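Just below is one structure, and these are the notes that go with it.
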Amino acid sequence: MSKLSVLRGDVAKKKYRYLCETENDIPIFSQYWYLDSLCDDADWEVILLQNEEKIVASLPIYREKKFFFTFIKQPKLVQNLGIWIKYPDNQNYQNKKSLENKVIEMFVNEIPRNDMISINMNYNYQNLIAFHWHGFVETSRYTYILNLEEDIKNIYNSFSPNMRNKIRKSEKLVNIKETDDIKIVYDLILKTFKRQNKKLDFSLDYLKKHDFFLKNNKSRKIFIALDKITNEPHSVLYLIWDKISSYVHFVGEDPEKRSSGAGINLIYESIRYSKEELKLKILDFEGSMIESIEKVRRNCGGKQMKYSSIRKINSLTLKILYSLVRNN
């Protein structure tokens with residue numbers, strides 16, 4: 001294996017911007033502009049590994065300070081922020097795994113000082129054994145994906161009968177439109193969180209900034225279901241995409257209008273749009289470990305896909321606190 005060198009700082013960020021613009025398989029969550037939409041420039045950086053001026057691997061890093069601790073983690077609204085590798089053509093299995101282990105070894109040595117690190121990996125990257133060698137703990141998480149290369153009729157028929165009934169019911173009650181009204185989007189998301197007795201951890205201004213970048217990069221569309229009689233919103237779905245996949249980024253519903261089935265209709269509309277208009281290969285529901293949400297994704301034809309979260313606590317104080325929380 002040729003010797004790899006490390007790039008960090010402003011030079012790495014500049015090269016990373018070019019890398020994101022030229023490589024098709026870097027997920028949207030790792031795109032430089034996506035991170036800019038959620039973080040201050042000083043809060044994120046990227047570690048690059050290069051071989052004779054050619055970038056071989058990347059690992060974006062986001063740092064957040066709370067109290068006296070420094071965390072490396074996902075920013076809000078990021079599903080994964082893991083390793084990307086450019087594999088040589090026709091590389092055999094043994095050399096591929098050797099490269100992956102070497103890349104992780106170098107990344108671990110370059111990760112900035114922190115009290116705890118917790119990163120979700122994209123499901124396309126599976127070899128994490130070298131993280132275990134460095135004391136990381138791996139946890140399985142799940143998303144649901146749809147193969148958009150299948151015939152649209154087969155995709156529709158993969159919905160459960162109950163979900164198909166909801167689509168047919170909603171077609172009589174709502175019109176599906178597009179919207180740029182972020183206030184409506186936020187209000188419906190907020191109502192959904194309140195119904196679930198959860199606290200929404202980002203503000204309207206945070207969402208507006210995020211949306212500005214997504215819209216500017218032509219990587220989002222917002223579908224809204226409006227009542228045919230009152231024109232009031234029933235449900236909203238915020239769809240984002242990269243060059244391979246689309247993602248159900250947000251959904252929000254008026255709790256008093258959930259019975260209309262509009263939310264399921266919007267899911268099907270996002271599938272149709274992703275397949276027929278965007279010509280993408282995959283729709284990713286962005287996952288959830290919540291039982292009720294998992295059931296909906298599965299009943300909308302999604303196939304379970306495992307991805308990994310890796311974590312390492314470096315602070316003795318945090319280790320004690322986490323131990324106390326687990327034991328109570």
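The values are calculated or read from the model by the stated rules, or taken from the named source; none is laboratory data. It should be emphasised that the depicted structure is a prediction, and the values quoted were computed from it without experimental measurement. All Cβ positions, even for glycine, are placed from backbone atoms using ideal geometry, and neighbour counts span all protein chains on display. Just so you know, the surface numbers come from the protein's heavy atoms only, side chains and all, with ligands and any DNA or RNA stripped out. Shrake-Rupley method; radii C 1.70, N 1.55, O 1.52, S 1.80 Å.
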Practice task
Report whether or not N175 is under 23 Å from the mean Cα position of the chain (by Cα), polar (S, T, N, Q) and open to solvent by 10 Å² or more (accessible area, probe 1.4 Å).
Solution key: no
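Looking at segment 34-47, is at least one residue in a helix (DSSP H, G or I), within 23 Å of the chain's Cα centre (by Cα) and of a type in the set (F, W, Y)? Give the derivation first.
As a first pass, look at segment 34-47 and keep what is in a helix (DSSP H, G or I): 34-38, 41-43.
Retained after the next criterion (residues that are within 23 Å of the chain's Cα centre (by Cα)): 34-38, 41-43.
From what is left, the residues that are of a type in the set (F, W, Y) are 34.
Scanning segment 34-47 turns up at least one residue that is in a helix (DSSP H, G or I), within 23 Å of the chain's Cα centre (by Cα) and of a type in the set (F, W, Y).
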Fill in the blank from the handout: Among (1) open to solvent by 30 Å² or more (accessible area, probe 1.4 Å); (2) part of a loop (DSSP other than H, G, I, E, B); (3) closer than 18 Å to Y32 by Cβ, R63 falls short only on (2)
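Taking the options Q91, Q74, name whichever one is at pLDDT below 95 and out of contact with any strand residue (DSSP E or B) (no Cβ under 9 Å at 6 or more places or on another chain). Spell out how you get there, then give the answer.
On the way: Q74 fails: out of contact with any strand residue (DSSP E or B) (no Cβ under 9 Å at 6 or more places or on another chain).
Of the residues listed, the single one that is at pLDDT below 95 and out of contact with any strand residue (DSSP E or B) (no Cβ under 9 Å at 6 or more places or on another chain) is Q91.
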Exercise for the section: Could you check, for segment 95-114, whether at least one of its residues is under 30 Å from L239 (Cα atoms) and open to solvent by less than 30 Å² (accessible area, probe 1.4 Å)? Expected result: no
Handout entry: Meets criteria (surrounded by 15 or more Cβ atoms within 10 Å (Cβ to Cβ) and either of a type outside the set (S, T, N, Q) or touching a Gly at 6+ places or on another chain (Cβ under 7 Å) (or both)) for Y156
Key = yes
Problem - Some residue of segment 85-100 being more than 25 Å from the chain's Cα centre (by Cα), on the phi > 0 side of the Ramachandran plot and outside any helix (DSSP H, G or I) - result: yes
Practice task
Test R164 against the stated conditions and say whether it is basic (K, R) and open to solvent by less than 60 Å² (accessible area, probe 1.4 Å).
Solution key: yes
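What residue, of D151, D180, is without any contact (Cβ under 8 Å) to a residue 24 or more places away in the chain and either over 22 Å from A225 (Cα atoms) or not β-branched (V, I, T) (or both)? It would help to see each step written out before you state the result.
On the way: D180 fails: without any contact (Cβ under 8 Å) to a residue 24 or more places away in the chain.
Just one listed residue meets the conditions, D151.
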Fill in the blank from the handout: By residue number, the members of segment 264-314 that are crowded, with 16+ Cβ neighbours inside 10 Å, out of contact with any Asp or Glu (no Cβ under 8 Å at 6 or more places or on another chain), among the small types (G, A, S) and not in a loop (DSSP other than H, G, I, E, B) are S270, S274
Practice task
Identify the residue in segment 285-328 that is modelled with pLDDT of 95 or more and among the β-branched types (V, I, T) and, among all such residues, is nearest to the chain's Cα centre (by Cα).
Solution key: I310
Exercise for the section: Check off (1) assigned to a loop (DSSP other than H, G, I, E, B); (2) under 30 Å from K97 (Cα atoms); (3) free of Cβ contacts under 8 Å to residues at least 12 places away in the same chain for H132 and give me the number that stays unchecked. Expected result: (1)
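So that you can scan it fast, the table gives a plain yes or no per residue for (1) within 22 Å of D242 (Cα to Cα); (2) surrounded by 12 or more Cβ atoms within 10 Å (Cβ to Cβ); (3) in contact with a Pro (Cβ under 8 Å, 6 or more places away or on another chain); (4) not basic (K, R):
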| residue | (1), (2), (3), (4) |
| --- | --- |
| L4 | no, yes, no, yes |
| D10 | no, no, no, yes |
| I26 | yes, yes, no, yes |
| S30 | yes, yes, yes, yes |
| D41 | yes, no, no, yes |
| S58 | yes, yes, no, yes |
Practice task
Within segment 184-200, work out how many residues are open to solvent by 80 Å² or more (accessible area, probe 1.4 Å) and either among the β-branched types (V, I, T) or closer than 18 Å to D227 by Cα (or both).
Solution key: 1
